[in-house]
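Shown next, in structure tokens, is the structure this report addresses.
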Amino acid sequence: MRRISPDARRYVLAVLAALAALLLRGLFSPLFGAANPYHTVWAAVAFAAWYCGVAPAVVTTVLSLVGVWYFFVPPFHSFALHNPATEIYGMVGFLVLSGCIIALGEGNRRSKALSEAEVVERRRIEEELRKAQQELEHRVGERTAELEQNVAETREKAALLDLANDGIFVKGLHGAISYWNQGAERLYGWRKEEAISRSSHELLRTEFPIPLAEIETRDYWEGELRHTRRDGVQIVVASRWTTVRDKDGKPFAWLEINTDITSRKRAEEAARSLSGRILTLQDEERRKIARGLHDSLGQYLTALKINLNLLLSADGNREKLASECFEIVEKCLTETRTISHLLHPPLLDEAGFGSAARWYVNGFAQRSGIKANIDLPPKLDRLHNDVEIALFRALQEALTNVHRHSGASAVDICVRVDAEQVHLEISDNGRGIPKQCLTHFTDGDGQAGVGIAGMRERVRELHGLLNIQSGGSGTKLIIEIPVLQRRSVDATQDEKTSRSICAA
């Protein structure tokens with residue numbers, strides 16, 4: 001069997017020392033983690049320098065450096081660098097200190113028998129190490145400058161993203177947030193420092209429409225999510241997810257862009273609710289009309305039928321029965337005109353909003369016992385048909401609410417028209433609207449009442465504004481609608497026409 005030469009034995013010992021140090025460092029990984037990766041390899045370098053010589057010690061140093069870089073510097077089992085500037089400096093420091101250890105070991109080993117050639121060789125090695133260190137430092141400096149430039153460019157791009165109104169953030173594959181723009185701060189209320197490194201799903205209490213695992217199987221996903229802001233308010237967002245991949249094409253993060261659509265969803269829900277309630281209201285109104293016709297006209301006509309039967313069989317009371325029948329017919333006509341006018345007053349089409357409003361307010365005051373004052377311009381131009389109908393229906397609904405809910409003793413109606421808008425203001429001295437009901441109206445969530453919701457929709461269709469102010473001293477309703485079309489009508493003639501039609 002061939003024996004190993006002394007030189008080869010020194011290299012074998014050096015390699016075994018490096019491998020033993022790396023194995024020992026692996027055993028200590030649960031204790032140290034990614035910190036202090038070079039602790040155990042110093043002993044291997046010192047051993048090789050003292051007992052194996054310069055070249056074997058260099059082999060030990062190189063093997064130790066490569067092993068630590070691959071196994072114990074994040075990301076593990078890779079020669080990529082997570083924090084290049086810090087980790088390259090660490091490697092340079094290891095090389096420099098290893099060189100010092102090798103130099104000291106070699107000096108100690110040969111201190112008693114150094115020849116001039118050995119001194120020259122040692123100086124040559126030191127010079128090479130110095131040049132290698134300088135070269136490495138130069139490369140590290142170039143790499144650091146490049147990284148700083150990349151960081152500056154990234155910050156510029158992040159500043160542009162901060163200008164967006166949408167919430168934009170980047171999260172890892174496990175949900176940890178690594179980027180959080182100012183739009184996300186405004187949308188959710190969490191500052192960047194508070195959101196970074198936290199799970200987005202836990203921070204925002206995300207409610208998914210489909211399982212999260214299904215979303216994560218796609219490269220791109222778009223849908224609606226429910227998130228909870230920092231103040232506890234739940235919002236609905238239109239969310240777009242895009243997979244972020246590295247240079248090798250492997251996914252490592254998600255880019256998420258969220259737009260707040262809470263108001264739009266409330267409007268859609270309110271519209272759906274309003275449509276359903278309008279249908280219900282139509283049925284109720286039809287029942288009321290049918291009941292009114294049955295209870296009033298039906299009774300009058302029944303009495304008229306009975307009297308006519310008696311008239312046919314009576315001998316001496318025909319004149320009296322005929323008179324009673326005439327009175328019943330008059331009541332039927334009056335009741336029919338009243339119901340018809342309340343459903344849609346002819347004055348509105350024939351004389352305009354001014355006359356119809358004055359007639360309705362006067363009738364409201366007589367029926368309800370509430371003092372009603374109306375202030376109209378001396379000369380009120382005719383408005384577009386849609387505007388007049390919207391104003392009259394708003395007046396009807398507002399006065400109905402005053403009578404049913406306010407407990408008011410007086411109500412004031414004021415109409416003003418300028419070059420661009422018509423203003424209708426209705427105020428009472430009642431108890432006001434409860435805060436919760438007023439909040440429902442302000443939010444437009446469909447629970448503000450069919451009357452108010454219908455009023456708001458009519459005004460909105462005409463590009464107008466509706467505002468309700470309420471407190472303990474009463475309620476004020478203000479409507480502003482753009483003037484679409486006008487036709488001149490004298491207010492005095494309106495009043496005469498109103499009286500003549502009402503008397504008919």
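Calculated FRET efficiency, K331 and S263, Cβ-Cβ r, R0 56 Å, to nearest 0.05?
Given R0 = 56 Å and the Cβ-Cβ separation, E is 0.60.
Name the GluC sites (Glu not before Pro) in the stretch 363-422 that are in a loop by DSSP and that have at most 11 other C-beta atoms within 10 Å, would you?
Qualifying residues, ordered by number: E420.
Report the extension gain between D231 and S323 in nm, rounded to one decimal, defined as 0.36 nm multiplied by the number of residues separating them, less their alpha carbon distance. Working shown, then result.
On the way: separation 92, 0.36 × 92 = 33.12 nm, distance 7.54 nm.
Length difference between fully extended and current span is 25.6 nm.
Can you list residues from other chains, or at least 5 along the same chain, whose modelled amide H is less than 5 Å from the amide H of R382?
So R382 has HN proximity to R487, S488, V489.
Work out the FRET efficiency for V120 and V62 from their Cβ-Cβ distance, taking R0 = 30 Å, and round it to the nearest 0.05.
Working: r = 24 Å, r/R0 = 0.79.
It comes to 0.80.
What figure, in Å² to the nearest 10, do you get for the accessible area of K331 with a 1.4 Å probe and non-protein molecules left out?
110
Taking H placed 1.01 Å from N in the peptide plane, check which residues at least 5 places from A253 or on another chain put their amide H under 5 Å from its amide H.
So A253 has HN proximity to V244.
Calculate, in nm to one decimal, what S5 and E224 gain on full extension: separation in residues at 0.36 nm each, minus their alpha carbon distance.
Result for the pair: 71.4 nm of gain on full extension.
For K192, what accessible area in Å² do you get when you roll a 1.4 Å probe over the heavy atoms of the protein chains, rounding to the nearest 10?
Probe radius 1.4 Å; accessible area of K192 about 90 Å².
With θ set to phi - 60° and the Karplus curve 6.51 cos²θ - 1.76 cosθ + 1.60, what are the ³J(HN,Hα) couplings of the stretch 246-254 in order, to the nearest whole Hz, using x for Gly and Pro?
Once θ is set to phi - 60°, the couplings for the stretch 246-254 become 7, 5, 8, x, 8, x, 9, 6, 10 Hz.
Out of residues 5 or more away from R198 or on other chains, whose amide H comes under 5 Å of its own, with H placed 1.01 Å from N in the peptide plane?
It is I177, by chain and number.
Starting at the first residue of the stretch 240-245, write each ³J(HN,Hα) from the Karplus equation 6.51 cos²θ - 1.76 cosθ + 1.60 with θ = phi - 60°, in whole Hz, x for Gly and Pro.
10, 10, 10, 6, 9, 10
May I ask you to rank D375, D231 by accessible area, largest first, using a 1.4 Å probe over the protein chains only?
Largest accessible area first, the residues go D231, D375.
The values are calculated or read from the model by the stated rules, or taken from the named source; none is laboratory data. Computed from a predicted model, the values in this text were never measured in an experiment. Backbone-built Cβ (ideal geometry, glycine too); neighbour counts: all protein chains shown. To get the accessible areas, we keep the full protein, side chains included, count just its heavy atoms, and leave off ligands, DNA and RNA. Shrake-Rupley method; radii C 1.70, N 1.55, O 1.52, S 1.80 Å.
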